[in-house]
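What follows is a short report on a single structure.
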Amino acid sequence: MSDPAWHHLPHDPRSFFDLAEGFDRRDLKRAYGKLIRQFKPETHPQEFQRIRSAYEQLENAERYGRNQAESQSAADAWKPSANTDRQSTSESQPGNTSASDATQRSPKRPTPPVSPVDEAIGNPRESYTRLSQKHSRSPLEYYILAVLSDLLVKPANNSEKPSDSEKHRPQFLQWLLDGLQEHPQEPGLISLVAGTLRGDVPDDQIQTLLPKIAKSIRSSLFYRLTEPLWERLLIDQPFEIFEVLIRECESHLRQGDPRGRLAFYLRILRTAIWTAPTEWTQSQLETLSRQAADLDDSMHNDLEFVELLHSYLSSTKSSASALPARATMESFLRTYCTGDGPMATAEMARCLDEIARDAHGVQESFPINQEQDDHSLFLLMMMATSDLAETTGLIAPAPDEEKNNRQAVSCLRDLKNTLQDVVHRVSWIDTTYKWLPFAGSFAVLLILFAGLLLISLPVINLLGSFTALVVICVTCLIAGLGYPVFYFCWIYSKYLAERAENSRQKYFATCYTKRWRGRLFRYVQSCGESPNDSLTRLNGAAAFHDDTEWMNLVLSFCHGDLGLLIFARAQLFVG
C-alpha cells in the first residue's frame, strides 16, 4: 500500500485524502477509513493524529456548509502574486542607447521585490512596527503580525517561561481575529483561528475568551470556530455555566444563515445531553426539527441519533442501567459522544471488547420481550459502531470462511437436536386448542341428540308416527356431519386459532430463550462476522441440508433478538 501524500498537510487536507472538489461527508469518511486501516492509533499514534486532525478540519468545514468551489488552503491563499511587476533589461536601459554605449556600460539587473515574509525574517521588529501601523492589511500581513507578536511581544511578567495563562498566545489570536474582521471569509485565517482554538487555549481561559470572540466574529462563523471550546466547557464545567455563556455570546451575534447554528447545536447536543436538563434538550430538538428543511442528509442522520439518544436517556430505568452489559453500552455511547482522539478510541474499543466477551450479560440486558428503550439502545449502538468502524478502522481481520462454514454446520446440528421435542410440544398445543375442544363439544352434541332421541321415542310410539322418527334421525345425522364444518370454519377460526398461535409463539420464544439462544450466541462469537453475514451463513447451511423450514423459525427470532445483533456487531471489533 502506497504512503499518503503527507506533504499536503496541514494546509491542503483535501488533496491529502485525494478527494474530488465536490466531495461530501460520506466520501470523506470512506477516504479517512481507508487511511486509518493502514495507520491504526495503537501502532501509528503520530500518523493517526495527523490524519485525524486533517479529517476533523474537513469534516468541520463540511458540516458548516463550506463552499468548496471558493475555498482554498492557507498556503495557496497567501502566496505572493505571480504577476508581480518586474523590470526587464530593456526597461532598465533607455531605448535610444547606442550599441557602443551599451558595451561600455555594465548591465543593471532589476532588483526583485522583497516579499513580506522575507522582510519579516530579515527585519522582524521594523516589519512588525510598519505592519501594525497600517490601516488596511492583507490576510498574509495579519498572519505575519500574529507570528511576529510571538517573537517580539514579551509576557507581562517578563519571565522566560510563559505561564499557563499565556500559552494560548493572546496577541497571536487577536491579530488573526482582527484579520477575520477585515476578511470575514478568508480560508487561511479561518483555518489558523480554528487550529489555534482547538489546541492552544488553556481550560481556565475558555470562559473569558468566548465572549471576546463573539464580539469580534459576529457571524455564524463563530459557531464553527469555537465548537471545540464549547465541548471542552461542557465536559469540564457544570451545564449551568455553558447555558449562561452561550446565551451571552449569542446576544452579540447577527442573524444570518441558520445552517451554522443548526450544525453547531447538532454536534454540541451530543455532549450536552448527558448533563443538560431534559427540558433544555427537548427545546433544542424541537427547534432543530422545525428547521429540518435546512438540514442535509448527513445532518438528518445526526438529528436522528440525538433524538434517539434523548429518547433512551429519558425513558431508561435505573434498574436497567445497573445491568453490567447495559452500563458498558452506555459508557461506550457516552465516550463516543464526548470523547476525542486516540484515548477515546481506545476506551470505545475496550467497551466493545467487554461486550463481545459477556454473552450472559448481553442476554440478561436484552430479554426476548424487549421494551421500547431496548430498541432505542440497539439503534444507537448500531449507528455508533458503524460510524466508529468508518472513522477509526477498528475492524478485526477478515474471518476464516472455511472455519465459519464449519461453525455454521455445527450450530445447525446442535439446534436440530432439539427439534424432536419441539415438534412433540407443538403437536400437543394443536391438540389442546384444536382437537380436544372439538372432541369435547362433539361429544356434548351427541349426548344432547341422544337424550333428545330417548325423550322423543315414547311420544313417537304413542303417536305411531314412523315419519317423525325418520325426521329426527336425519336431523341428528345432518347435525353430526355439519358440526365439524361449523366448528373448524367458525368456532375454531374465530375463538381458538389466535389463542393456539399465541401459545405456539410463546412456546417458541421459551425454546429460543432456553434451548437455542445460548448456542446462537456462541456461534456468532466464534464467527466474528457482522450479524447479517453470520445469520446468512447459518441459513445457507440449513438450505444445503434441507432444513430451511424450521430454521426460518429460529432465524425469525434471531433477527428480532436485539442482544444477539449487538453482540455479533461487537465481535467485529475484537481482533
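Some values worked out for this structure:
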quantity	calculated
Whole-Å distance, taken between Cα centres, linking region 529-575 and region 1-38	35
Per residue solvent-accessible surface (Å²) - region 426-575, probe of 1.4 Å	55
Whole-number percent relative contact order across region 465-575, with pairs defined as alpha carbons under 8 Å at least 6 apart	29
Peptides 481-487, 180-186 ordered by average Cβ neighbours within 10 Å, highest first	180-186, 481-487
Net charge of Cβ neighbours under 10 Å - reference ARG137; Lys, Arg +1; Asp, Glu -1	-2
Charge dipole of region 344-414 about the Cα centre (unit charges at C-beta), most positive-ward option of ALA346, SER410, ALA398	SER410
Protein accessible area in region 446-569, 1.4 Å probe - carbon and sulfur %	67
Listed residues LYS416, LYS134 arranged by accessible area, highest first, probe 1.4 Å	LYS416, LYS134
Nearest-0.05 FRET efficiency for LEU452 and LYS403, computed from C-beta distance (R0 51 Å)	0.10
Rounded accessible area of ILE447 (nearest 10 Å², 1.4 Å probe)	120
Charge-dipole axis of region 207-349 as Lys and Arg at +1 and Asp and Glu at -1 on Cβ define it, positive-most pick from TRP274, ALA293, ILE217	ILE217
Solvent-accessible heavy-atom area per residue, rounded to whole Å², over region 299-368 at 1.4 Å	42
Cβ-Cβ FRET estimate between LEU436 and ARG37, R0 fixed at 51 Å, reported to 0.05	0.25
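The values are calculated or read from the model by the stated rules, or taken from the named source; none is laboratory data. These figures come from a predicted structure and were not determined experimentally. So basically every Cβ, Gly included, is an ideal-geometry build from the backbone, and we count neighbours across all protein chains shown. Quick note on the areas: whole protein, heavy atoms, side chains included, nothing else; ligands and nucleic acids left out. Shrake-Rupley method; radii C 1.70, N 1.55, O 1.52, S 1.80 Å.
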